Amino acid sequence: MEKIRYYDIRYVRGTVTSIQTENRVIENAGSSFYGKALFRVLGENGWGYYCASSIDMDDKKSKDACIQKAAASARLAGVHADIADVPLGSPRSWVCSAKEQAETPLEEKAAQLLLLEESAKIPEICNTSARYSEQYQDVIFEDCNDYSATSSVCRTLFTISAVANRGSDMQMNYEQEAVVGPLSLKEYIPYGEKCAKRAVELLDASVVSGGRMPAVLDPAIGGVFAHEAVGHASEGDAVRDGVSVLAGKLGEQVGSSLVTIIDDPSMHGYGYEPFDAEGVACGPTELIKNGIMHKYMHSRETLAAVGPETGDAGHARAEPGMQPLVRMSNTYIKEGDASYDEIIAECKKGVLLIGSRGGQVDPGRGAFQFNAKYGYLIENGETTKMIRDVSLSGDILSVLHNIALCGKERKMSSGMCGKGQSVPVSDGAPHVYLTEALVGGGGSV
């Protein structure tokens, strides 16, 4: 019989309603149900897991049988693990629902999505598509110490995209909104036209020459930098495994004193989690504080491995039925005291980068490359010509040190983050001025 040092159960169940349209035709629409319970046992050698498609949480006999199956798996573990003691408190329950939205007929939601897409049909637009999704998820957590927690959370999103065409030139743009709680599609109908107009404008945009120059990041690409470059390098498993450029730098000045970067699962952004996949109640963690590496994000396992003084637990997240991993939630650069006009004027000559089309990062080497949706030249302290096919790259520490101004207003963007598993997240920033950045482009203006 395997000795059980600890066990917990995380049962996740819910429904997803989704609608997909393209060129004003509904391609699919419907709802699906999911439910999975992960039984996790820490044995003498390490972790063992057992996943059940559904479980009656009041049926002790069934739960005990699943725990023993997870314990049998733990006997095969070859990587020793420990978990840190963390305060859990009393059993608790959180609700963030959207009753009226849930009761709205699917046909009505589909009609609104078609109106959103219809508004993107302007001259020179050759293709449009839209997606709507709402998810209602209940989580029931309990462990061997008689601690329990429950939550009921709704997440809603839509995406609209438009492709503009002129001769052989094609340009694409998208707009997205994702929230915790309900979202009224009727209020976002104008986003279709906004998205399409930007795609058409990109047909006339210039291509910038690459090189080192001052740059201003808008909240979207600034948030991507916070998430991809700093956030992933601050995750406790990367630090434990020695594959983070920020490992071993606690207490060191890693950036400008203007820079504070926070991950906060308790914020009601798209990455909201009232408690993490280990039942730990969530709160904000200052990763970088006034330019100093302050804390790492941890699960109970990485906190035990790296040290309880190195950061906060409460950052373990997981897909239903999957083992917890150290993950971000809502990650952002804290606001400063500069106005947008002051930032553009201070830049004098450079580029303003707007939006994100993805990119890549190597947290171990500290290198990254992100693609902006578009941008503008900054000349004589004013924005001028629109540019496209532009990117930001460099190393994390240099960019952190090159931040000279942070704006007064922060905006968050939402999406999904993949790390073997996909979880909802948001990231954001104010406008950020970099005294020097490596800007990529494909031509001259």
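The values are calculated or read from the model by the stated rules, or taken from the named source; none is laboratory data. The structure presented is a predicted model; accordingly, all values stated were derived computationally and were not measured. Cβ placement follows ideal geometry from the backbone for every residue including glycine, while neighbour counts extend to all protein chains displayed. Note: accessible area is taken over every heavy atom of the protein model, side chains too, but ligands, DNA and RNA are not part of it. Shrake-Rupley method; radii C 1.70, N 1.55, O 1.52, S 1.80 Å.
Data for the structure
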read-out	value
The listed residue being surrounded by 15 or more Cβ atoms within 10 Å (Cβ to Cβ), polar (S, T, N, Q), out of contact with any Leu (no Cβ under 9 Å at 6 or more places or on another chain) and farther than 27 Å from G311 by Cβ, out of S97, S73	S73
Some residue of the range 110-124 being under 23 Å from D276 (Cβ atoms), at pLDDT 95 or above and open to solvent by less than 70 Å² (accessible area, probe 1.4 Å)	no
Residue selected from the range 340-358 under the condition open to solvent by 10 Å² or more (accessible area, probe 1.4 Å) and in contact with a helix residue (DSSP H, G or I) (Cβ under 9 Å, 6 or more places away or on another chain), by the criterion nearest to F39 (Cα to Cα)	G358
Output for the range 359-395, where each listed residue is assigned to a loop (DSSP other than H, G, I, E, B), open to solvent by less than 20 Å² (accessible area, probe 1.4 Å) and under 22 Å from E201 (Cβ atoms)	A372, V390
Cβ-Cβ under 6 Å pairs, at least 6 apart or on other chains, the range 300-316 side touching a residue at least 40 places away in the same chain (Cβ under 8 Å) and among the polar types (S, T, N, Q), far side outside any loop (DSSP other than H, G, I, E, B) and surrounded by 24 or more Cβ atoms within 10 Å (Cβ to Cβ)	T302/G236; T302/V326; T310/Y296
Which listed residue is in a strand (DSSP E or B), more than 14 Å from T15 (Cα to Cα), open to solvent by 30 Å² or more (accessible area, probe 1.4 Å) and hydroxyl-bearing (S, T, Y), from T128, T150	T150
The one condition in (1) modelled with pLDDT of 95 or more; (2) surrounded by fewer than 22 Cβ atoms within 10 Å (Cβ to Cβ); (3) not hydroxyl-bearing (S, T, Y) that P274 fails to fulfil	(1)
Tabulated pairs, the range 33-47, first at pLDDT below 95, second of a type in the set (G, A, S), C-beta under 6 angstrom, 6+ apart or interchain	N45/A77
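For (1) open to solvent by 60 Å² or more (accessible area, probe 1.4 Å); (2) of a type in the set (A, V, I, L, M); (3) within 30 Å of P274 (Cβ to Cβ); (4) not in a helix (DSSP H, G or I), each residue gets a yes or a no:
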position	(1), (2), (3), (4)
A162	no, yes, no, yes
N165	no, no, no, yes
N173	no, no, no, yes
Q176	yes, no, yes, yes
L183	no, yes, yes, yes
E193	yes, no, no, no
E201	yes, no, no, no
